[in-house]
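Undergrad: Input: one structure, supplied below.
The values are calculated or read from the model by the stated rules, or taken from the named source; none is laboratory data. Since this is a predicted model, take the numbers as computed values, not measurements. Virtual Cβ from ideal backbone geometry, glycine too; neighbours counted across all protein chains shown.
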Amino acid sequence: MPHPLSGLAPLRIGIAGLGTVGGGTLRLLQANAELIATRAGRPMLVTAVSARDRQRARGLDVSDLRWHDDPMGLADDPDVDVVVELIGGSEGPARRLVETALSRGRPVVTANKALIAVHGASLASAAERAGVALAFEAAVAGGIPVIKALREGLAADRLVRIGGILNGTCNYILTQMRETGRSFAAVLEEAQALGYAEADPSTDVDGIDTAHKLAILAALAFGRPVDFDSVHVEGIRGVGAADIAFATELGYRIKLLGIARRTGEGVETRVHPCLVPHSAPIARVEGVFNAVVAEGEFVGRLMLEGRGAGAGPTATAVVADLIDIARGSLVPAWGASSGSLSTLTSVPMSACRGSYYLRLEVRDRPGVIAEITAVLRDCGVSLKSMLQHGQAAGAGPDESVPIVLVTHETREQAMQEVVQCIAGLDVVVAGPTMIRIEAG
């Protein structure tokens, strides 16, 4: 018996990029074709594809599809209704394809967080002028439907905070460091062997990937133009096994968090390692999983958790956007028209406030603690607690020992002054390493 929707005109899809996500999207559309058609109200059919190497073995049958060696061909293909950009990168062919498709009046679905974070404001304006959709659910947190949650489910509330664990590679590395006691370098090498980290892991471990996603979340949460350049970015290369161990002893776990917060001065957006209490829900998000925490004036706090990458989860998000387009749904990319977005200013990192963890190695001599606490006093920073481990058995009289300081809430600028002054003391052998403390 034919499907009741089989007589309706299908939504014809062109996919640019047949890597992990592109291949996963094609497989999902084929495997769940009947279910997807039912939920979209019409069949959905991939008619054309583009990739760099036509001869590459992908485990996909694309013989019946029109092949474009140049992805720009998808923007003008008469048998393509919607373009799916899965090439990646904020510039080059990905940007040209999306801009051209929108200028031709073709809706676009993308998983490209770098493109949206850097050029999302101009692309959204182009989509509005053309009267078509620019959809990017898959750009943040893989299969977690956080874009729809912010843009639609929470549209009636005023959000005050958004963020969380947005990079599975970093979360896996920090989890393994805590569970095994191994160094960052050793765990990174293992993550690369397992396929959790790229051969060049800098985009992940230096926090850039998280910053792209946070810029997008902040724009949606606070109704302002996306502003990637204002995000303060630090990665996890400086987190040592000693920091993981001390954090555990103090009742914390270390996570790389993206944090966006609305204050009386504007919006702060920052990415950096954080100590979070081990009892906090986000502290228990381990391995390659992501979690997004949103806090609103009426809804309170909620957390969405799931796989943030991979063929299946990300393809699910791509197809969810395609289903919206098939239904005729047209929601502004940022939840409101570009002309009505707010002008909230960006708060510099130096103006942020919080508590801090400092670890340093000092010579085990009388008066060392007095010198260090004098620096804190002179910089106006209040010490909450201190953790000091004695010398190992057999150590010489001039050996170094680790000291960990935890401060009360203070200004970021004051802590930067503390770090600079402590690093210059003769009694300090190494450090200090500074990690910010968050409630979770």
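Undergrad: Restricting attention to the range 27-60, which residues are assigned to a helix (DSSP H, G or I) and touching a helix residue (DSSP H, G or I) at 6+ places or on another chain (Cβ under 9 Å)?
TA: Taking the range 27-60 and keeping what is assigned to a helix (DSSP H, G or I), we get 27-31, 33-40.
ARG27, LEU28, LEU29, ILE36, ALA37, ARG39, ALA40, listed by residue number.
Undergrad: Collect the residues in the range 206-258 that are of a type in the set (Lys, Arg) and over 23 Å from ILE437 (Cβ atoms), keeping them in residue-number order.
TA: Taking the range 206-258 and keeping what is of a type in the set (Lys, Arg), we get 213, 224, 237, 253, 255.
The answer is ARG224, and nothing else.
Undergrad: When you go through ALA138, ALA127 one by one, which is the residue that is assigned to a helix (DSSP H, G or I), over 20 Å from ASP76 (Cα atoms) and either of a type outside the set (D, E, K, R) or modelled with pLDDT of 95 or more (or both)? Steps first, answer last, please.
TA: On the way: ALA127 fails: over 20 Å from ASP76 (Cα atoms).
After applying the criteria, what remains is ALA138.
Undergrad: Given the residues ARG54, ARG95, which is the only one that is at pLDDT below 95 and either touching a Ser or Thr at 6+ places or on another chain (Cβ under 7 Å) or not assigned by TED's automatic domain parsing to the domain that holds ILE208 (or both)?
TA: Numbers: ARG95 fails: at pLDDT below 95.
Result of the check over ARG54, ARG95: ARG54.
Undergrad: Restricting to the range 198-223, what's the tally of residues that are small (Gly, Ala, Ser), part of a loop (DSSP other than H, G, I, E, B) and under 18 Å from ASN112 (Cα atoms)?
TA: The initial filter retains those residues of the range 198-223 that are small (Gly, Ala, Ser), namely 199, 202, 207, 211, 215, 218-219, 221, 223.
Then keep just the ones that are part of a loop (DSSP other than H, G, I, E, B); that gives 199, 207, 223.
In the following step, the residues that additionally are under 18 Å from ASN112 (Cα atoms) were identified as 207.
Matching residues across the range 198-223 total 1.
Undergrad: Determine whether GLU99 is acidic (Asp, Glu) and either within 17 Å of ASP324 (Cβ to Cβ) or buried (at least 24 other Cβ atoms within 10 Å of the Cβ) (or both).
TA: Details: acidic (Asp, Glu): yes; either within 17 Å of ASP324 (Cβ to Cβ) or buried (at least 24 other Cβ atoms within 10 Å of the Cβ) (or both): no.
So GLU99 fails the test.
Undergrad: I'm trying to understand the selection: among the residues of the range 88-112, which are assigned to a strand (DSSP E or B) and touching a Phe, Trp or Tyr at 6+ places or on another chain (Cβ under 8 Å)?
TA: First, the residues of the range 88-112 that are assigned to a strand (DSSP E or B): 108-110.
Scanning the range 88-112 gives VAL109, THR110.
Undergrad: Filter the range 145-178 down to residues that are more than 12 Å from the chain's Cα centre (by Cα) and closer than 29 Å to GLN192 by Cβ and give me whichever is surrounded by the most Cβ atoms within 10 Å (Cβ to Cβ).
TA: Taking the candidates together, the pick is ILE173.
Undergrad: Do the conditions hold for ALA199, that is, is it of a type in the set (Gly, Ala, Ser) and in contact (Cβ under 8 Å) with a residue 24 or more places away in the chain? Lay out the reasoning, then the answer.
TA: Working: of a type in the set (Gly, Ala, Ser): yes; in contact (Cβ under 8 Å) with a residue 24 or more places away in the chain: no.
Considered against the rule, which asks whether it is of a type in the set (Gly, Ala, Ser) and in contact (Cβ under 8 Å) with a residue 24 or more places away in the chain, ALA199 comes out as no.
Undergrad: Taking into account only those residues within the range 72-87 that are without any contact (Cβ under 8 Å) to a residue 60 or more places away in the chain and in a loop (DSSP other than H, G, I, E, B), which is surrounded by the most Cβ atoms within 10 Å (Cβ to Cβ)? I'd like the intermediate steps shown before the answer.
TA: First, the residues of the range 72-87 that are without any contact (Cβ under 8 Å) to a residue 60 or more places away in the chain: 72-73, 75-76, 78.
Next cut, in a loop (DSSP other than H, G, I, E, B) only: 72, 78.
On the way: MET72: 16, PRO78: 8.
Applying the filter and picking the extreme gives MET72.
Undergrad: Here's another thing I want to ask about it. Can you confirm whether ALA260 is part of a strand (DSSP E or B), among the small types (Gly, Ala, Ser) and under 15 Å from the mean Cα position of the chain (by Cα)? Please lay out each step first, then the result.
TA: Working: part of a strand (DSSP E or B): yes; among the small types (Gly, Ala, Ser): yes; under 15 Å from the mean Cα position of the chain (by Cα): yes.
Yes, satisfied.
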